[in-house]
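To start, the structure under review is shown below, and the notes come after it.
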Amino acid sequence: MKVLPPTAEGLRAAVGWLEASRPVGMPTETVYGLAAPFDDVRAVSAVYEAKGRPHFDPLIVHVADPDQLADVAVLEMFSATERSRIRQLVDEYWPGPLTLVLPKHPVVPDLVTSGHATVAVRCPDHPVARALIRQLGRPVVAPSANLFGQVSPTTAAHVVEELGDRVVAVLDGGACSVGVESTILQFKPGLPPALLRPGGLPIVGLREALGPIALPGEGEPVVAPGQLEHHYAPATPMSLWSEPLHALPDRTLLERLGEEERPVALVVFEDRSDEQRQRVARVLGEHVRVVPLSLDGSWVSLAQRLFATVRDLDRSVCTRIIVEALPHDHGLAPAVHDRLTRAARGRV
Ligand code: TXA
Ligand code: MG
């Protein structure tokens with residue numbers, strides 16, 4: 001796979017591949033995507049193929065500008081109030097990490113939507129992604145650029161690592177600023193919007209604009225097709241503690257990890273003063289490695305580094321990954337907890 005710089009020349013090369021029905025890795029603010037022209041069935045098939053993704057898991061259509069929504073989705077069957085709410089969301093949050101699931105326009109091939117009558121659409125907040133879509137002259141599909149079920153890529157190097165020679169090129173747009181995938185909201189006429197996937201846009205603010213939002217697990221089961229339990233799973237066994245490290249007395253740490261002889265990673269929210277690392281080394285020895293997620297104590301930094309940290313640990317000598325209980329006190333917490341629970345395959 002060739003890594004293309006985010007220059008006029010790099011963009012031209014990427015557009016050339018897309019026009020030749022060859023998928024190309026594309027940076028977005030959330031995670032890297034594997035792009036293909038949305039209406040080119042050969043290119044879209046190649047996306048499913050490269051990822052090893054089953055055809056029942058539909059793709060998100062990415063537009064360069066908010067007003068392209070009407071090119072791929074139809075709003076006619078919504079009431080005037082519902083339409084104005086959708087428009088308000090688009091005005092306020094696009095470009096950004098929000099995907100809307102809406103009735104699809106007939107131009108969108110069934111292969112993109114897995115035969116559903118709806119299409120997922122978003123406008124990514126990344127200059128390289130938007131330039132690519134503009135220069136191509138039509139929207140692109142872009143699932144995360146990882147093998148199906150694996151950890152999502154947040155740098156061009158991760159895309160190379162994941163897809164290697166299955167894909168011709170990736171545009172390098174730097175590290176993703178959000179780090180977790182977009183929030184997915186589904187709209188159906190006459191029903192409250194439903195959250196299909198918590199993501200990079202906190203829904204706290206959305207509630208003000210939209211009123212009630214149906215959450216996964218409430219009422220009728222609404223889950224994004226393809227959101228399988230074992231998504232985001234590293235090969236190294238991963239488990240989640242139900243307590244934060246600081247709340248566990250030395251005795252409990254010894255009970256849990258005292259017998260451990262091989263290197264283990266203990267992932268914590270942050271460890272600014274190395275305090276936790278020193279305590280763990282004193283109680284348990286050096287083979288339990290404390291790995292902070294957030295560099296500055298913020299959730300933004302934590303989300304940015306989440307997938308890269310899991311990916312690095314998966315390739316490290318550590319034979320287990322353990323994550324301390326993280327708080328729930330931020331709009332990004334639901335997305336982070338969702339990804340960690342899936343990565344741990346429910347192991348707590
Ligand atoms: O942030 C993101 O959304 C990233 C970047 C690359 O834009 N893309 C991404 O795509 O996460 P992917 O394919 O990894 O996840 C898309 C999710 C899937 O769970 C899929 O089931 C859901 O969106 N989805 C797509 N179309 C849908 C539809 N018509 N109805 C319900 N869910 C849909
Ligand atoms: Mg994905």
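Some values worked out for this structure:
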read-out	value
Charged-residue dipole, Cβ positions (Lys, Arg, Asp, Glu), the range 65-209 about Cα centre, Debye nearest 20	300 debye
For the chain, built as a Gaussian network whose Cα springs stay under 10 Å, the top-fluctuating residue of THR183, THR113, THR319	THR319
Percent of Cα-Cα distances greater than 18 Å, calculated over the range 39-148	48 percent
Rounded tilt (10° steps) of 275-284 against the dominant C-alpha axis of the chain	50 degrees
Heavy-atom accessible area ranking, 1.4 Å probe, most first, across LEU191, LEU75	LEU191, LEU75
Cβ-placed point charges (K, R +1; D, E -1), dipole of the range 1-110 about Cα centre in debye, nearest 20	320 debye
Part-to-part distance (alpha-carbon centres) for the range 263-335 and the range 235-257, which is given in Å	12 Å
Calculated FRET efficiency for the pair MET77/ASP312, C-beta based, R₀ 41 Å, to 0.05	0.30
Cα-based reach from LYS51 at 22 Å (exclusive), listing lysines while leaving out same-chain residues under 8 positions away	LYS2
Candidate lysines - alpha carbon under 18 Å from LYS104, same-chain residues fewer than 8 apart omitted	LYS188
Cα-based convex hull volume of the chain per residue, rounded to whole Å³	131 Å³
Heavy-atom accessible area ranking, 1.4 Å probe, most first, across ARG320, ARG207	ARG207, ARG320
Chain lengthening between ALA117 and PHE148 when straightened (0.36 nm per residue, less Cα-Cα)	8.8 nm
Which of LYS188, LYS51, LYS2, LYS104 is most accessible, then next, and so on - probe 1.4 Å	LYS2, LYS188, LYS104, LYS51
Among VAL168, SER294, LEU185 - extreme Cα towards positive end, dipole of the chain, charges at beta-carbon	VAL168
Percent of beta bridges antiparallel (DSSP, the chain, rounded to nearest 5)	40 percent
Coarse-grained scattering of the range 1-56 at q = 0.14, 0.23 Å⁻¹, given as base-10 log I(q)/I(0) from a Debye sum over alpha-carbon atoms	-0.38, -0.95
Restricting the range 246-278 to trypsin sites (Lys or Arg not before Pro) in coil, as DSSP defines it, with at most 14 other Cβ within 10 Å	ARG272
Added length on full extension, which subtracts the Cα-Cα distance from 0.36 nm per residue, GLN135 to GLU259	38.8 nm
C-alpha center-to-center spacing [the range 93-154, the range 187-215] in angstrom	19 Å
Surface share of carbon and sulfur [accessible, 1.4 angstrom probe, percent] for the chain	53 percent
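The values are calculated or read from the model by the stated rules, or taken from the named source; none is laboratory data. These numbers come from a predicted model, not from an experiment. Neighbour counts run over all protein chains shown; Cβ positions are idealised from the backbone, glycine included. Accessible surface areas use protein heavy atoms only, side chains included; no ligands, DNA or RNA. Shrake-Rupley method; radii C 1.70, N 1.55, O 1.52, S 1.80 Å.
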